[in-house]
Every structure is written in C-alpha cells, then in structure tokens.
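Asks: One structure coming up, written as structure tokens, with questions to follow.
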Amino acid sequence: MPSKEQVLVANGQGFWGDSILGPIRLLREGPLDYLTLDYLAEVTLSIMQKLRSRDPSKGYATDFVRLVDRVLPELVEKNVKVVANAGGVNPMACVEALKEVVAKHGLRGVKIAVVEGDDILDRIDDLMAAGETFANMDTGEPLARVRDTITSANVYLGAFPIAEALADGAQIVLTGRGTDPGLVLGPLIHEFGWSADDYDRLAAGTIAGHIVECGAQCTGGNYTDWRDVPDLAMVGYPVIEARADGSFAITKHEGTGGMVSRDTVAHQLVYEMGDPSRYLTPDCIADFTSFRMREAGSNRVEIEDVAGSAPTDTYKVSMSYHDGWKAVGQLTISGPDALDKAKLAADVVWKRLAYDGFEYGPDERIVEFLGANVCHEGIALRDAGEPSEIVLRMGVKGPDRAKVDRFGSELVPLVTSGPPGVTGFAGGRPKATEIIGFWPALMRKDRIETKVTVFEA
Amino acid sequence: MTRVELARIAAARSGDKGEGSNVGILARSDAAYAFLKEHLTEDVVRQHMSELNLGAVQRFAADNMRALNFLLEDSLGGGGSASLKTDAQGKTHGLALLRLELEVPDEVLTETPA
C-alpha cells in the first residue's frame, strides 16, 4: 500500500558529539519527511549505564532533548517525523524529559513512541542458562573471563519495530541499540509497506541508511580531494529521496555547502566495510557489489538494482566490560632540535618512574612524537623536514589504577627538569580513566521480544 | 611507466573495524581500477603499512564502485578505548596507503585525469 511516490529521509547526526547545526539546518533549509539521528557508538551504552546507576533519571542522549527544545515548533508545524536512537539504556527517562519540553512550548498531542527489547543486561544469566554462550564473535573466547565485569549488553535490533511505531502514529520514535541503517530503513518499510521477505528492497533501504549514517561524510566531509569541496563550513547534511521500488537518490538541500557526487558517495559506501558482498543486518544481507550508481544532475546520485538476501537467525549483541585503566598526556617541545629533545624527555619520564619502582611493559605504554610522522609511521615521506616543534604524547595502561595514576605525575615536571623549550602543560596531570572493553557476540533471534509503546505528550 | 603516488590514480577512506581498520581504495578511472586490481595486492599493502599494521591484510573488490577494500587486522593498538594511539580509529590509514609509490603505465595515467 504505497502511499507516496517518494519519501525524503535525512540524517542530521552521525554520532553523539556531531554538530547540532546539522539537524537544525536540515529542518530550516529544505523539504523533509523524516529526520534521523544517530547518537550511539559502541561504548556509549556502557557510559549511559553508569550514569543511570548513579541517577535513575539519566542514561539517554541528553543532546537529543536539547535539540528537540530548539526545533520542536518547526517539527510540529512541518510534520517532520523524527527517528533517533537517543533512548540509550533509559528511554522512559528520555520520554519524561521530552514531555517537559513539549509542555514548555505550550504544545500538546505530540506522540512519542519507544522501542524496547534491546537491553539484555539483566537477562544474561537466564539467557546463558537457556543455551546462549555469548562467545566473542571475533576471537571465539567464552564469556567467562569478563562475565563479572560486564557493564552493558544490548542487541542490535532491526528496522521493523521502528516501522511499527510509525504506524502507531508516532511523531518521535526513540530506540535504544539498533542498527544505524535501520533508522532510515524503518520509515521506508512504513511508507512503502515493504514486507519482511522483500530482501532486495530491505537491502536498498539498508544501503541508503549506510550512506547517510555518518552525516556529512557523504556530502564532502572527510573527502580525499578536499580542495574541490565548496563551502565546507555550511556543508549540507544528506537527504535520501526514496521510492517504493527500492531505487533512491542521495542529495542535499539547495544552496547548502559541500557536494554530492559518485565519489563522495563511494567514499562513504566503503566506510567501516568488511566483505562488501555480505553486509549483515537483522533485516537482510545487503550486497554492496550489486547496485548501479550514476550522477543524475548537480549534487544528485542515483542508486538502483540493489540486491539482498535473507538474514541469519541471530542478532549481534554488543557488550561492554571494565578492561582496566589508562592515562595519556602531552607536552609541546619547541626547536631547535625538537625531536631529539622530545626523545630525551620521554626517556627521562620512564627512568624516573622506574627509579620509583614503576615499570610498564611494551604493550602497556606508548610514546608518540606528534609532528614527526606518527599517523603514517614507517612510511617514508617525500616532504619530511626538521619539525619546528614536536608534541610529545605519552600514555600507559593496565589493571592497577594507582600505577596508571603514578605515571601522570612524572610528565609535567619536565617543564623545569627536562630539556629547554618544554611547554603546553595546560591540561595538568593526566589522570587514570576507565578502559571500556567491547565484546561482540551473537544470540538467537527468537529469544528477544521487542515492544513498542506510544505516549502522548 | 611513471613512478607516482597511489593518490594520483585513487582516493581513499578508512575507519575502525574492531581491533583493526579498513581502507577503501577508490580508483579514479576504469583503467586505474583494472591496473590496481592486478597490482595493489594484499602483500603490497601489508608491506607498505608494516609498521602501522601488525596483523594480516585481507582484500575485497566491488567492481560497481571501482573499489578495493582492505582489512588491516591489527592496526589500532588494541582498538576501541583500550588503544593508546592518537589515531585509535584508523581515520588516517587511507591517506597512509595513498602515499604508496607505484610504477604506473603511461596509458593508465592518460586515462586518469589528475
């Protein structure tokens, strides 16, 4: 039951920390049916669990509530639907905060839906008793070593619960962990009535979602030929023009900066790619080698003939666990002889720590001479010369917090007891911060039930 | 044959992939793609990036995008928040590979606008 010929879906947030101007300008500068927003990286949910354990009203993406506060009247007036994974590990608290924002603007009747079922932190033991092993899907290692230090555990849900929430009339759909492309695929399933075995079209929506999931990375951001990109300051965030047959265009609003070309889109298509012929999601397996891609006018790329196939019978599970401590700090060392002085300074730090009984193994420490080819280590540079200054960056890690903290107190003394020209210690002593380990696993889909609830604010 | 940097005939984007990174190489012409498919092998990439990547290299091709995708299995110093490296996510690995110098046939260069 396709209701529209074409649906416009834009993504305004590539990660928690992306510019708030993305979504604000998408709403302001051109037509839009759906605005999607991605706030979750692999370790974000672990941080949110910690925040919620300290305060039951926390544990979601607070940036999202600030954004809604800025744009709510425009959202309602233009009837743009929003799909965001901002619910984190506490979507109900996010709903409460949104209700306050709606009331503050003197509006009513705004429908907010919540998708739940991804959070399995409290169910791990039950699921293991039922037969799930949660072995690390990269290494095969059993969960036992990290079981007692798990701090979050979430399933990557697919796009169908989002479509269900939209069918219930929601203007804002809040999810926890789901696939990033699902934020875009969900609205397309809803609008075009795609079914669960319509694999080619589900794959098309997945690829559309992958292209826009990092925001401006498909419209000229992080682009090899950066000198060719006009007006990067006012870069337009991507808009998908999707059609019921699965074909779609990638474009951006008229008058915005940046560019959309075969090349800018291809740059994003290969981003974080594994085997391009098998991109696994809970909804389908998308084949990134299948489609045709062509430029169709200025700042418009058309993609058609995407092929997909049936998904596996497992969900990917993303767990995080406490993996020790680390501390990293840096100082700036001016020339002349910046690199030689930086090398001496690093040596001084390790020797003083060793004198006091603190030694760190080769895998527990790092020294980087920023300005002397750290990023492209081992690759000879045509344009290398004597650096005018060096940023000395040093760090340690390990299970013992006190030992990691001890390192931090030997860096700053270099200012007065190292070689001349050491400065830039404004950050003070580097302190130990927690390392959050990431544990990917698989589990059977039929052990997860998703739930959609609609609230009216 | 002319010795040029890979950047002359290809573009790149990279990012993190667990404890490793991926580098997508995008050929700038059909001729460049055919040449790279033959000569930009897993071995060539592994040797060029041997100090950045301590693990194996795996290559995939996507002809429809003129893309070669390389997985560098151990290039992030542990990966995620366990990494002490500045580039803990492999964001700069694409540009590192584009610095590779290659002997490229002149007809490939002619068919690949600079």
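Asks: Over all directions, the average projected area of the alpha-carbon convex hull for chain B comes to how many nm²?
Replies: 6.5
Asks: Take the Cβ-Cβ distance between A:Lys111 and A:Met234 as r, set R0 to 30 Å, and report the resulting FRET efficiency rounded to the nearest 0.05.
Replies: 0.35
Asks: Cα-Cα pairs above 44 Å in chain A: how many percent?
Replies: 21
Asks: Also, quick follow-up: By a straight-distance test (C-alpha under 19 Å), which lysines pair with A:Lys58 as possible cross-link partners, with residues fewer than eight away in the same chain excluded?
Replies: By straight Cα distance, A:Lys58 reaches A:Lys50, A:Lys99.
Asks: Work out the FRET efficiency for B:Glu51 and A:Lys99 from their Cβ-Cβ distance, taking R0 = 51 Å, and round it to the nearest 0.05.
Replies: With R0 = 51 Å, the Cβ-Cβ based efficiency is 0.40.
Asks: Magnitude of the Cβ-charge dipole of the stretch A:319-439, K/R +1 and D/E -1, about the Cα centre, nearest 20 debye?
Replies: About 300 debye.
Asks: Let me ask something else. Compute the Kirkwood hydrodynamic radius of the stretch B:9-57, taking the inverse of the mean of 1/r over all pairs of distinct Cα atoms, and give it in Å to one decimal.
Replies: 11.8
Asks: Restricting attention to the stretch A:191-261, which GluC sites (Glu not before Pro) occupy a DSSP loop and are surrounded by at most 15 other Cβ atoms within 10 Å?
Replies: Numbers: sites: A:Glu191, A:Glu213, A:Glu241, A:Glu254; in loops: A:Glu213, A:Glu254.
Of the GluC sites (Glu not before Pro), the ones in loops of the stretch A:191-261 whose Cβ has at most 15 other Cβ atoms within 10 Å are A:Glu254.
Asks: Separate question: For a paramagnetic label modelled at 7 Å from the Cα of A:Ser334 toward its Cβ, which residues of the stretch A:394-437 fall within the zone defined by backbone nitrogen distances under 20 Å?
Replies: Label zone hits: A:412-428.
Asks: With +1 on the Cβ of every Lys and Arg and -1 on the Cβ of every Asp and Glu, and nothing else charged, how large is the dipole of chain A about its Cα centre, in debye rounded to the nearest 20?
Replies: On the way: 47 positive and 67 negative charges, 253 e Å.
Charge dipole of chain A: 1220 debye, to the nearest 20.
Asks: How much net charge surrounds A:Ile379 when only the other residues with a Cβ under 9 Å from the Cβ of A:Ile379 are counted, with Lys and Arg +1 and Asp and Glu -1?
Replies: On the way: positive: B:Arg99; negative: A:Glu377, B:Glu51.
Taking every other residue near A:Ile379 into account, the sum is -1.
Asks: Among A:Pro430, A:Thr450, A:Pro387, which residue has its Cα furthest toward the positive end of the charge dipole of the stretch A:382-457, with +1 on Lys/Arg Cβ and -1 on Asp/Glu Cβ?
Replies: Positive-end residue among those listed: A:Thr450.
Asks: Take A:Asp347 and A:Asp69, extend 7 Å from each Cα along the Cα→Cβ direction, and tell me the distance between the two endpoints in nm.
Replies: For A:Asp347 paired with A:Asp69, the spin-label model returns 5.4 nm.
Asks: What aspartates and glutamates sit close enough to A:Lys78 to cross-link, taking a C-alpha to C-alpha distance under 16 Å and skipping anything fewer than 8 places away on the same chain?
Replies: Candidates past the 8-residue exclusion: A:Glu29, A:Asp33, A:Asp69.
Asks: Evaluated at 10 °C with a viscosity of 1.306 mPa s, what Stokes-Einstein diffusion coefficient in µm²/s does the stretch A:161-273 have when Rh comes from the Kirkwood expression over alpha-carbon pairs? Don't skip to the answer; put the middle values down first.
Replies: Working: Rh = 14.9 Å.
Rounded to a whole number, D works out at 107 µm²/s.
Asks: Between B:Ala114 and A:Asp446, what is the label-point separation in nm under the 7 Å Cα-to-beta-carbon projection?
Replies: Spacing of the two 7 Å Cα→Cβ label points: 6.4 nm.
Asks: What dipole magnitude, in Debye to the nearest 20, does the stretch A:289-365 give about its Cα centre under +1 on Lys/Arg Cβ and -1 on Asp/Glu Cβ?
Replies: Magnitude of the dipole: close to 200 debye.
Asks: With a Förster radius of 35 Å, plug the Cβ-Cβ distance of A:Asp225 and A:Thr149 into 1/(1 + (r/R0)^6) and report the FRET value to the nearest 0.05.
Replies: Step by step, r from the Cβ atoms, then E = 0.20.
Asks: If packing is taken as the average number of other Cβ atoms within 10 Å across a peptide's residues, how do A:41-48, A:372-379 rank, most packed first?
Replies: A:41-48, A:372-379
Asks: Cα-based Rg of the stretch A:319-439 per 2.2 N^0.38 Å, rounded to two decimals?
Replies: 1.13
Asks: From other protein chains only, count the Cβ atoms within 10 Å of every residue's Cβ in A:40-50, then give the mean.
Replies: Counting other chains' Cβ atoms within 10 Å and averaging over A:40-50 gives 1.
Asks: Which ordering of A:Arg365, A:Arg227, A:Arg28, B:Arg99 is given by a fewest-first count of other beta-carbon atoms within 10 Å? Don't skip to the end; give the middle numbers.
Replies: Working: A:Arg365 19, A:Arg227 5, A:Arg28 13, B:Arg99 16.
If I rank by nearby Cβ atoms, fewest first, I get A:Arg227, A:Arg28, B:Arg99, A:Arg365.
Asks: Search the structure for amide H atoms under 5 Å from the amide H of A:Trp16, placed 1.01 Å from N in the peptide plane, and list their residues when 5 or more places away or on another chain.
Replies: So A:Trp16 has HN proximity to A:Leu40, A:Ala41.
Asks: At 7 Å along the Cα-to-beta-carbon direction for both A:Tyr355 and A:Arg262, put a label point, then send me their distance in nm to one decimal.
Replies: 6.4
Asks: Then there is this: Return the average number of partner chain Cβ atoms within 10 angstrom of each residue Cβ along peptide A:430-437.
Replies: 2
Asks: Here is a follow-up. Taking each residue of B:14-20 in turn, how many C-beta atoms of other protein chains fall within 10 Å of its C-beta, and what is the average?
Replies: Partner-chain Cβ atoms within 10 Å, mean over residues of B:14-20: 4.
Asks: Additional query: What residues from the stretch B:1-26 fall in the zone where the backbone N is under 15 Å from a label point 7 Å along the Cα-to-C-beta line of B:Glu107?
Replies: Output list for this probe position: B:1-2.
Asks: Projecting each Cα onto the charge dipole of chain A (Lys/Arg +1, Asp/Glu -1 at the beta carbon, about the Cα centre), which of A:Ala354, A:Gly205, A:Leu174 comes out farthest on the positive side?
Replies: A:Ala354
Bear in mind these aren't lab numbers, they're just calculated from the coordinates by the rules spelled out. Because the structure is a prediction, the values reported are computed rather than measured. Cβ coordinates were reconstructed from backbone atoms using ideal geometry, including for glycine residues, and neighbour counts include every protein chain displayed.
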